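Provided herewith is a single structure, encoded as structure tokens, for subsequent inquiry.
The values are calculated or read from the model by the stated rules, or taken from the named source; none is laboratory data. This structure is a prediction, so every number in the text was calculated from the model and none was measured. Here Cβ is always computed from backbone atoms with ideal geometry, including for glycine, and neighbour counts include all displayed protein chains.
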């Protein structure tokens, strides 16, 4: 297992280096001058020249890239052009809130989607199956921001049951978690149903039933366990997407996570903040995929030796 994990870590290094290069080059392909964005267009030329020197914007490209890599190795993502705050501190303050939202959305999606998929596979063609397929089609069809606005209109504006936006107690978490997890419910229900149908028709399931095992033991311990590989794939990819791409949900619900931080940085052309956030979120996504690979190996030991 340790060799399998080491191999996956080594494969992640080129990916992270590529992301680092792309994040660094954002400064050169993005429109506008970062110094002008910081101090405005009416600043005198001497102030602009001094600030460009302080920010090393006039250094040759290879020298600047080497300095940037050196900062990253030290764990320093730089400072915001707008607030002059360390980007590492901003991410440290905001990422736990994104993690809280992603975790709640994933729990909702995993429980609901897998449950619907298992029940649908147990009764193919029945009303549960049709309900699960209907939920799947609706979840895939509706965009996240539209679902979020609909939830706000229904539960906050109409029945005044939950707060419409903001950050606070667990009540503020319910609506954004539902909006973010709805699409995953659809995918998990479909994937679980397909995988469970294959597993329930396998010989080992018929053998387990022939031994007189209870039906819930056959379904959960034998069929579902052997159907988990594609389910883990969806869980890993979606959780990584929640951690790195919940921008729309955080914007609609005014959730102070890292997705909203990126939106604000883009609006203000705060390029160091964008660079730092992109690099951090890429590392998070790679880590989530590594955890998913380890879960594969735990579920099916043959994966570790493939």
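Please indicate, with yes or no, whether at least one residue in region 134-153 is touching a helix residue (DSSP H, G or I) at 6+ places or on another chain (Cβ under 7 Å), assigned by TED's automatic domain parsing to the domain that holds residue 251, surrounded by 15 or more Cβ atoms within 10 Å (Cβ to Cβ) and under 25 Å from residue 215 (Cβ atoms).
Among the residues of region 134-153, at least one is touching a helix residue (DSSP H, G or I) at 6+ places or on another chain (Cβ under 7 Å), assigned by TED's automatic domain parsing to the domain that holds residue 251, surrounded by 15 or more Cβ atoms within 10 Å (Cβ to Cβ) and under 25 Å from residue 215 (Cβ atoms), which makes the answer yes.
Now for a different question. Counting just the residues of region 70-93 that are in contact with a helix residue (DSSP H, G or I) (Cβ under 6 Å, 6 or more places away or on another chain) and either at positive phi or part of a helix (DSSP H, G or I) (or both), which one comes out modelled with the lowest pLDDT?
Quick first cut of region 70-93, residues in contact with a helix residue (DSSP H, G or I) (Cβ under 6 Å, 6 or more places away or on another chain) only: 77-78, 80-81, 87, 91.
Restricting the remaining residues to those that are either at positive phi or part of a helix (DSSP H, G or I) (or both) gives 78, 87, 91.
Details: 78: 81, 87: 90, 91: 90.
Top of the filtered list is 78.
Still on this structure: Check residue 220 against each of (1) assigned to a helix (DSSP H, G or I); (2) in contact with a helix residue (DSSP H, G or I) (Cβ under 7 Å, 6 or more places away or on another chain); (3) surrounded by fewer than 19 Cβ atoms within 10 Å (Cβ to Cβ) and name the one condition it does not meet.
(2)
Right, here's the next one. Run residue 197 past the list (1) in a helix (DSSP H, G or I); (2) modelled with pLDDT under 85 and report the number of the one that doesn't hold.
(2)
Yes or no: residue 176 assigned to a loop (DSSP other than H, G, I, E, B) and farther than 19 Å from residue 115 by Cα? Outline the logic, then answer.
Working: assigned to a loop (DSSP other than H, G, I, E, B): no; farther than 19 Å from residue 115 by Cα: yes.
Here the answer is no, as residue 176 does not meet what is asked.
Read through the list (1) modelled with pLDDT under 85; (2) outside any helix (DSSP H, G or I), then give the number of the only condition that residue 256 fails.
Only one criterion in (1) modelled with pLDDT under 85; (2) outside any helix (DSSP H, G or I) is unmet by residue 256, namely (1).
Determine the pairs where a residue that is in contact (Cβ under 8 Å) with a residue 60 or more places away in the chain, located within region 107-122, has a partner that is surrounded by fewer than 23 Cβ atoms within 10 Å (Cβ to Cβ) and part of a helix (DSSP H, G or I) with Cβ atoms under 6 Å apart, the partner being 6 or more residues away or on another chain.
Pairs found: 120/128; 120/129; 121/197.
Give the residues of region 94-133 that are modelled with pLDDT under 90, exposed (fewer than 15 other Cβ atoms within 10 Å of the Cβ) and in a helix (DSSP H, G or I), sorted by residue number.
Once the filter is applied, which keeps residues that are modelled with pLDDT under 90, exposed (fewer than 15 other Cβ atoms within 10 Å of the Cβ) and in a helix (DSSP H, G or I), region 94-133 yields 127, 130, 131.
Do we find a residue being surrounded by 19 or more Cβ atoms within 10 Å (Cβ to Cβ), within 13 Å of the chain's Cα centre (by Cα), assigned by TED's automatic domain parsing to the domain that holds residue 121 and touching a residue at least 24 places away in the same chain (Cβ under 8 Å) anywhere in region 199-215?
no
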